[in-house]
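What follows is a set of notes on a single structure, which appears directly below.
We did not get these values from a lab; they are worked out from the coordinates using the rules stated. Everything quoted here is computed from the prediction, not taken from an experiment. Here the Cβ positions follow ideal geometry from the backbone for every residue, glycine too, while neighbour counts run over all protein chains shown.
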Amino acid sequence: VMHMLKKILIANRGEIAVRIMRTCREMGILTLAVYSEADRGALHVQTADEAVFIGPAEPQESYLNIDRIIAAARLAGAEAIHPGYGFLSENAAFARRCEAEGIIFIGPPSGVIEALGDKTRARTMMQGGAVPIIPGMVNPEDDLEKLAVRAAEIGYPVLIKAAAGGGGKGMRVISAPEELAGAFAEASSEALRAFGDGAVYLEKYLARPRHIEIQILADRQGNMIHLGERECSIQRRHQKIIEETPSPAISPGLREEMGQAALNAARTAGYVNAGTVEFLLDEEGRFYFLEVNTRLQVEHPITEAITGLDLVREQINIACGLPLSYRQEDIRAQGHAIECRIYAEDPERSFLPSPGEIIYLKEPAGPGIRVDSGIYGGFAVPSAYDPILSKLIVHAADRRQAIDRMLRALNEYVVLGIKTSIPFLREVIGSEAFRRGATHTMLIDDLFSPWQPKREMADLACLAYAASREAPRKYQTDAPARGEHPSPWETIGNWSL
Amino acid sequence: VMHMLKKILIANRGEIAVRIMRTCREMGILTLAVYSEADRGALHVQTADEAVFIGPAEPQESYLNIDRIIAAARLAGAEAIHPGYGFLSENAAFARRCEAEGIIFIGPPSGVIEALGDKTRARTMMQGGAVPIIPGMVNPEDDLEKLAVRAAEIGYPVLIKAAAGGGGKGMRVISAPEELAGAFAEASSEALRAFGDGAVYLEKYLARPRHIEIQILADRQGNMIHLGERECSIQRRHQKIIEETPSPAISPGLREEMGQAALNAARTAGYVNAGTVEFLLDEEGRFYFLEVNTRLQVEHPITEAITGLDLVREQINIACGLPLSYRQEDIRAQGHAIECRIYAEDPERSFLPSPGEIIYLKEPAGPGIRVDSGIYGGFAVPSAYDPILSKLIVHAADRRQAIDRMLRALNEYVVLGIKTSIPFLREVIGSEAFRRGATHTMLIDDLFSPWQPKREMADLACLAYAASREAPRKYQTDAPARGEHPSPWETIGNWSL
Amino acid sequence: MEYRLMLNEEERIFTVTPRPAGEGKIARLEGREYCFRSLSINANELLLEVDGRLVPIFIATEGSKTHISLRGETYLLEDQAALRVKRKERPHDLARQVTPPMPAAVIRILVIEGARVERGEALLVVSAMKMESTLAAPYPGLVKKINTTLGAQVKPGDILVEIEPEEENGD
Amino acid sequence: MEYRLMLNEEERIFTVTPRPAGEGKIARLEGREYCFRSLSINANELLLEVDGRLVPIFIATEGSKTHISLRGETYLLEDQAALRVKRKERPHDLARQVTPPMPAAVIRILVIEGARVERGEALLVVSAMKMESTLAAPYPGLVKKINTTLGAQVKPGDILVEIEPEEENGD
């Protein structure tokens, strides 16, 4: 399989830019990074073959600035652009601009992004396509009174959502009529800031659903396959923090059914490239179409772990016009994979962002561990962007082993200098509810809000402090070859033979 | 699946001790490290729950000292011992001692180790067990004249091998009668030093065979499965440096045939626990039994990658008397895996050992990469032990992608301060012969002896030196949140927008 | 040697003395006794052995604060001596001040100097990592001074709005 | 600024000058010209940009030697000035001396002081990382002094056996 790309611009930053560059390097394709003022020292710049500075820290002036990114591609001669996730990845105007400039956009055609990007339009489209839809509005609405009427029809609780949105931005649960006005104002304002579009709509709010999504791949020749599900129920502030595959709630029969529904959705939209069809699954095993994410998902590595595929490689091949090299029957899942998102945030203070300098970093390793990281020791995490630092992915023979492996890996993970989600993730992963697989989108609100770490090792922390003050602060082992016999341990009789 | 072990002593050091401890931690089992004078600062000590000092650097006084290791287990209350590879792992006396002391030895019964440890006795045993044997002697011989007669019968070239051996120690190729005396003296002396037993024997030397081995698992209930092959043809100084699975030379039919032969061998020996049956495969597709390695192999991670199993977990479960939880038909291989062994050695000077302090270390990461490491930045690699520092394992959808991934990972791997095999591995992995899969045990001797790195980036190295002298030597990015706007790059007009 | 530490807002007082026989040290901590020794790996790593059990310690110092991470938990420690000095130096009680909860950018300013504000009234909005926070008036009063501008990078401790207190009416 | 380096035994002379217009630097190296700039990441990492292409550089200094690793290749550089001083200081030509090729332990001593040895005659055996090396006499002569003992840790540069040269007979 040969492709013709020589250089790809990665219109993103952080862990996902680094991850995309790694596959590019494996494919022999040069990588072009773009970076803002806040990212001069960022890892994605150090990972690229070339880098172009594109402006100030504010996303609008750099990673969201279409003109500058197109100019960077022109300047350095990149033939294609990979948008990663977030930023311009689901921006139809950007995809259209690439098409107009003759630059390959690694993602679906702009028309597909546009049609699926408007969540209400997408749901209207799916109603005709053998895809089960959640009860709710098909068009956005900005008249408060009309919203109140529709909310009453759907029946409280209802969810107000941004039409252009995703990732929990511009989303609020409304339990009773009197909450509607405030939630509308907040959601609309947040949506406007996040997506440049304040349009919102309502839908039925399922109290404790599971979030299940199906990964699909579609080539330009019309071939389409799905790669099974990911369960992404564990969320804080409506944002995923733990994902796993297979879902403990999905039987082979239901997987087949949801996979077919996802393929129906993709076919209805004329989908090309990698995409994700999101569903809610209720406690009775009924599932409802939510939306299609027209890009690489944050959590794609767990699908890579169990299928053995490289989704970025597949995306690039599809964008180059190559047909899929797998049929549905070639896809076989092996074992169980879990991802934890490592965010710069303080789980003790309602996940408040925690930017700043990473003083010391130690990442886990060994059997079944993958770390997709965008940071390094000494890096100053900017406050201008998403708090995601890295993703920790484990793969093991079954779910129980995967959980034990994740706990082991989280215990090995050390980030000093900023607060992270690591201690919180440890407790959620180790909880009885998660072990049982009794996961749903309200699990954290139900069981971990508010949250305080157990801090059962406070005595040890005190001893550690004392030891650090009393022990010499230098590295003490030395090459025995140099003939010295260092005694870094104060040898105590009964601890040695 | 519950087991009763609370604490395991790991009678080893370096990467394999760390790797075993990781699985123990995942299983909720405490780990007890033992360490010598040279290993006070070693990673395996930092990874364990407890550590006991057992003596001077010399292996005979520490890692090979049965009394001290048994005493350590008694002192700390370890109920089982995992021997890793090398050191006491194939020492029947040690296994027997464990049995006598009521300590679980995580490996086969001492009688099996003893029977298979004597390579000539093992081959004699296999002759009756539907396992094809390479032409050669069945008993060791120390009379030079008798050896000369036997060599002539087998036909030159012949191989002289240590009866107690493994890992290339005490092994020499003899092309003509006049080389016999010298090779005998050397091989016997080396075998005596390495295994405490100087006995040697002769066998037919196949010029360019592939080294193929089959991983097996056998429980105490008599269930036995194989996990497919590993090809370990790429060797330097008769020691493996690159392994892969599946082998490019093995068809499904041949895999089945060799798998059955391996199970026959294991059954003949009454094998229990994880083991590896080694074969040579000639250019005509005929295979010959070499020996059984009665322990975890260095290269076991590539089998873990494609089968999804954790072999150390399986070993522990079997040692606890649990039956296998997989049948042969449950074992399905996915994708392709390659391992490179990272040795402390100088590939430009015939792989001369290169112990010393690691000044700076950066390990590869990301999709499909596993690093099993026994080192860290600042660690002084002792000269008393095996030069293995770590193992780099990649897993990808097919062999081509695995090769590209390995090259990417080797390029990311930085070890400063000591010489390593990394630059050499890059060239072997990237060579046309390896890409073609035309691998055999003489490939390095044929194509890479002697070897000099290409050093095509000498100009860049000069610029790097100049830059390091002229750039300030401190970290320069700073948290933008602190309101500073650092300019670490000297901005040049045409490199930024 | 006596240690007086604040460990995540909780005071800890303990003593460390040499072991009477043999090497190592004894710590006495709220009635419990620990025997420990340690090995320094590098400036940020320490291997601690407590009553025979090994614990890898990761440690970083930032001014008077020490971050310690062990077995996946993190602790913030502050020496009492250093703390007392710092407390004296602190000019305001931050809980009563308009200051951001995290390093952030100012994205909206909702009041002008001279305005009268009620307790809880929104003064400005800051944003970090795509999360917005509204800063409200901690007490009723007159807005004396706004110390920031739109788009400015601000951090905890920066007093963004100064308010002259007034009598709270009712409630 | 002129640089004179030994790069893996090969001399390299080049100049680095500031860029006439704009920032960055120009290096002239054996008729080729490179435009470059760099970013320091930490004491051992450097991001080099050469003619618009980025190259992560890993660098470590050991006395007068600098180890550089880039894109999987490693280089050893030595500044000529430092080298000249060092050469003057070096008391012996090591190629003519009995010294181990790597840090190792002495496992066998095969001669005694006062013995006469031929060129190539085995003097002692050292072992490192399970690999044995035999050290042989570099020229014929009388064994004047043995500077090591069985089991000793030795390293390149240590003169283990001193030999008083004699006339080589024949060959």
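Taking only the C-alpha atoms of region B:1-127, the Rg (one decimal) and the largest Cα-Cα distance, Dmax (whole number), read 14.7, 48 Å.
Fewest neighbouring Cβ atoms within 10 Å first, the residues D:Arg119, B:Arg172 line up as D:Arg119, B:Arg172.
Applying the criteria of a DSSP loop state and at most 15 other Cβ atoms within 10 Å to the GluC sites (Glu not before Pro) of region B:62-141 yields no site.
Here the scattering of region B:312-428 is modelled by Debye summation over its C-alpha atoms, one equal scatterer each and no solvent; at q = 0.12, 0.18, 0.23 Å⁻¹ the log10 of I(q)/I(0) is -0.55, -0.93, -1.20. Extending 7 Å from the Cα toward the beta-carbon at both C:Arg32 and A:Glu283 defines two label points whose distance is 4.0 nm.
From largest to smallest, the equivalent ellipsoid semi-axes obtained for chain D from the alpha-carbon gyration tensor read 46, 19, 12 Å. Only beta bridges with both residues in the protein assembly as shown are counted; by DSSP, about 90 percent of them are antiparallel. For region B:82-171, with equal point scatterers placed on the C-alpha atoms only and solvent neglected, what are the log10 I(q)/I(0) values from the Debye formula at q = 0.23, 0.24 1/Å, to two decimals? For the requested q values the scattering log ratios are -1.17, -1.22. Its convex hull of Cα atoms gives chain B a direction-averaged projected area, equal to a quarter of the hull surface, of 27.4 nm².
In terms of its C-alpha gyration tensor, region B:376-462 has a rounded overall shape, because the principal axis ratio a/c (a ≥ b ≥ c, square roots of the eigenvalues) stays below 1.5. Sparsely packed loop sites in region A:1-106 (the trypsin sites (Lys or Arg not before Pro) outside DSSP H, G, I, E and B with at most 16 other Cβ atoms within 10 Å) comprise A:Lys6. Taking every C-alpha pair closer than 8 Å and separated by at least 6 residues, the mean separation divided by the residue count of region B:102-254 gives a relative contact order of 18 percent. Phi angles of region A:390-398 translate, via the Karplus equation with coefficients 6.51, -1.76, 1.60 and θ = phi - 60°, into HN-Hα couplings of 6, 10, 10, 10, 10, 9, 8, 5, 8 Hz per residue; Gly and Pro are given as x. For chain C, what relative contact order do you get, as a whole percent, if you take Cα pairs closer than 8 Å and at least 6 residues apart? For chain C, the relative contact order is 14 percent. The label point for A:Ile66 and the one for B:Arg436, both projected 7 Å from the Cα toward the Cβ, are 5.2 nm apart.
Largest first, the three principal axis extents of the alpha carbons in region B:1-62 are 40, 17, 15 Å in whole numbers. Ordering A:Val52, B:Val292 from the fewest to the most neighbouring beta carbons within 10 Å gives A:Val52, B:Val292. Modelled label positions at C:Ala21 and A:Arg267, each set 7 Å beyond Cα in the direction of Cβ, lie 8.3 nm from each other.
Each residue of region C:133-144 is assigned a 3J(HN,Hα), and the resulting list reads 10, 9, 9, 10, 5, x, 7, x, x, 9, 6, 7 Hz, derived from the Karplus form 6.51 cos²θ - 1.76 cosθ + 1.60 (θ = phi - 60°), x at Gly and Pro. For region A:232-317, the spread of Cα coordinates along the three principal axes comes to 39, 29, 27 Å, biggest extent given first. Let a ≥ b ≥ c be the square roots of the eigenvalues of the Cα gyration tensor of region C:1-63; is it rounded (a/c under 1.5), or, if not, prolate (a/b larger than b/c) or oblate? In terms of gyration-tensor shape, oblate. Averaged over the residues of B:307-313, the number of partner chain Cβ atoms lying within 10 Å of the residue Cβ comes to 5. Computed over the alpha-carbon pairs of region A:90-228, the distance histogram in 10 Å steps reads 11, 35, 33, 16, 5, 0 percent, short to long. For D:Ala136, the residues 5 or more places off, or on other chains, whose built amide H falls under 5 Å of its own are D:Leu123. First check a/c for the protein assembly as shown, with a ≥ b ≥ c the square roots of the eigenvalues of its C-alpha gyration tensor; if it is under 1.5, answer rounded, and if not, answer prolate when a/b is larger than b/c or oblate otherwise. Prolate, because a/c is 1.5 or more and a/b exceeds b/c. Kirkwood's formula applied to the C-alpha pairs of region D:117-171 gives a hydrodynamic radius of 12.3 angstrom.
Taking amide H as placed 1.01 Å from N in the peptide plane, the amide H of A:Leu389 sits under 5 Å from that of A:Ile342, A:Tyr343, A:Ala344, each at least 5 places away or on another chain. Centre-to-centre separation between the Cα atoms of region B:292-329 and those of region C:45-71: 35 Å.
Between region B:233-278 and region B:119-178, how many Å separate their Cα centres? The two parts, judged by their Cα centres, are 20 Å apart. Eigenvalues of the alpha-carbon gyration tensor of region B:173-262, scaled by 5 and square-rooted, set the equivalent ellipsoid semi-axes at 31, 18, 12 angstrom, largest first. Pairs of Cα atoms in region A:348-410 fall into 10 Å distance bins, from 0 up to the last occupied one, in shares of 19, 40, 31, 10 percent. Taking the square roots of 5 times each eigenvalue of the Cα gyration tensor of region A:421-466, largest first, gives ellipsoid semi-axes of 28, 11, 7 Å. Below 8 Å between Cα atoms, with a sequence gap of 6+, how large is the relative contact order for chain A in percent? In percent, rounded to a whole number, it is 14.
Evaluate E = 1/(1 + (r/R0)^6) for B:Ala148 and D:Ile107, where r is the Cβ-Cβ distance and R0 equals 30 Å; express this FRET efficiency to the nearest 0.05. So the FRET efficiency works out to roughly 0.55. Between B:Asp197 and B:Leu192, the built amide H atoms are under 5 Å apart, and every one of these is 5 or more places off in sequence or on another chain. Taking 0.36 nm per residue of separation and subtracting the current Cα-Cα distance, fully stretching the chain between A:Arg121 and A:Ala100 would add 5.1 nm. Counting only Cα atoms, region B:257-303 measures 32, 25, 15 Å along its principal axes, largest extent leading. Couplings for region B:176-189, taken from phi via the Karplus curve 6.51 cos²θ - 1.76 cosθ + 1.60 with θ = phi - 60°, read 8, x, 5, 8, 4, 4, x, 5, 4, 4, 5, 4, 5, 5 Hz in order; Gly and Pro are left as x.
Compute the Rg to Rh ratio over region A:299-343 from the alpha carbon atoms, using the Kirkwood formula for Rh, and round to two decimal places. With Rg and the Kirkwood Rh in hand, the quotient comes to 1.04.
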